[in-house]
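Before any comments, here is the structure.
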């Protein structure tokens with residue numbers, strides 16, 4: 001039996017998490033001095049409703065090793081012999097290191113255990129690591145072994161293509177994801193920055209004027225970059241405007257030859273803290289010859 005776990009930035013929907021028995025170690029969010037556990041004490045819609053009225057910028061904290069350790073112990077108690085833990089990029093958080101420490105703690109407490117535990121530094125954020133988690137769950141359902149799942153995730157994690165565009169540049173400034181100069185120019189020209197992940201960290205790859213051009217960019221990049229052999233589903237993410245996500249899904253269905261599942265899932269509080277209202281994202285596997293551009 002293979003247990004799949006992660007931190008809460010994976011942003012997979014409650015339905016997917018429950019369907020595939022994926023457990024999450026929650027990040028914490030500090031909102032004006034009050035600490036919340038992501039997905040436990042506060043839900044995305046509630047957070048986005050209060051976001052514009054906050055006088056202080058919220059901050060996030062990584063899961064503690066104890067959070068991960070409790071999930072591992074419960075999995076072992078429930079009969080799991082193998083555990084795959086897929087964490088957000090170590091370039092953006094200490095979440096991966098917390099999971100590694102939890103693994104070490106487990107074997108210190110139970111040195112004779114035969115349980116196999118593999119912790120993945122996904123090099124991804126949000127539904128990027130979520131894509132790898134869902135793929136792992138689907139592989140497990142089809143009978144893939146622990147080793148086969150690890151091999152796939154470690155090989156293709158650098159090929160998970162991230163696209164993220166935001167409405168409010170202030171959140172990216174305050175979280176250090178964009179410079180004040182870039183933000184000022186973007187505001188004057190009404191440009192929306194489009195970000196991706198490079199070497200485990202966020203990077204701006206394009207700027208488009210208006211949401212329509214952003215969605216066109218997403219679709220054209222998908223057409224040129226998509227690895228048709230590996231991408232059997234796409235994840236579209238949003239923070240506060242689901243209609244935009246639905247528009248992107250419709251464009252993909254009408255303007256590309258993709259016939260797999262297209263999931264629409266809301267970004268959670270941890271990610272939403274940094275990207276703000278109106279964010280829209282897309283995730284798939286890109287071809288080897290495009291994943292360094």
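The values are calculated or read from the model by the stated rules, or taken from the named source; none is laboratory data. The model shown is predicted, which means the values in this text are computed figures rather than measured ones. Every residue, glycine among them, receives a Cβ derived from its backbone with ideal geometry; neighbour counts consider all protein chains shown.
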Given (1) modelled with pLDDT under 95; (2) outside any loop (DSSP other than H, G, I, E, B); (3) exposed (fewer than 15 other Cβ atoms within 10 Å of the Cβ), number of the condition residue 192 does not satisfy: (3)
Extreme residue, modelled with the highest pLDDT, among residues of the range 176-189 that are surrounded by fewer than 18 Cβ atoms within 10 Å (Cβ to Cβ) and in a loop (DSSP other than H, G, I, E, B): 176
Identity of the residue in the range 23-48, in a helix (DSSP H, G or I) and touching a helix residue (DSSP H, G or I) at 6+ places or on another chain (Cβ under 9 Å), that ends up surrounded by the fewest Cβ atoms within 10 Å (Cβ to Cβ): 46
When residues of the range 233-246 are limited to those that are out of contact with any helix residue (DSSP H, G or I) (no Cβ under 6 Å at 6 or more places or on another chain) and surrounded by 16 or more Cβ atoms within 10 Å (Cβ to Cβ), the one farthest from residue 279 (Cα to Cα): 233
Hits in the range 248-265 - residues which are without any contact (Cβ under 8 Å) to a residue 12 or more places away in the chain and assigned to a loop (DSSP other than H, G, I, E, B): 257, 259
Any hit, the range 111-118, residues being outside any helix (DSSP H, G or I), in the same structural domain as residue 63 (by TED's automatic domain parsing), under 15 Å from the mean Cα position of the chain (by Cα) and crowded, with 16+ Cβ neighbours inside 10 Å: no
The listed residue being at pLDDT below 95 and on the phi < 0 side of the Ramachandran plot, out of 91, 33: 91
Residue list for the range 135-167, filter: under 18 Å from the mean Cα position of the chain (by Cα) and surrounded by fewer than 17 Cβ atoms within 10 Å (Cβ to Cβ): 138, 152, 154, 155
Meets criteria (out of contact with any strand residue (DSSP E or B) (no Cβ under 7 Å at 6 or more places or on another chain), within 23 Å of residue 158 (Cβ to Cβ), in a loop (DSSP other than H, G, I, E, B) and not assigned by TED's automatic domain parsing to the domain that holds residue 7) for residue 290: yes
Which numbered condition residue 97 misses (of (1) assigned to a helix (DSSP H, G or I); (2) loosely packed, with under 15 Cβ neighbours inside 10 Å; (3) in contact with a strand residue (DSSP E or B) (Cβ under 9 Å, 6 or more places away or on another chain)): (2)
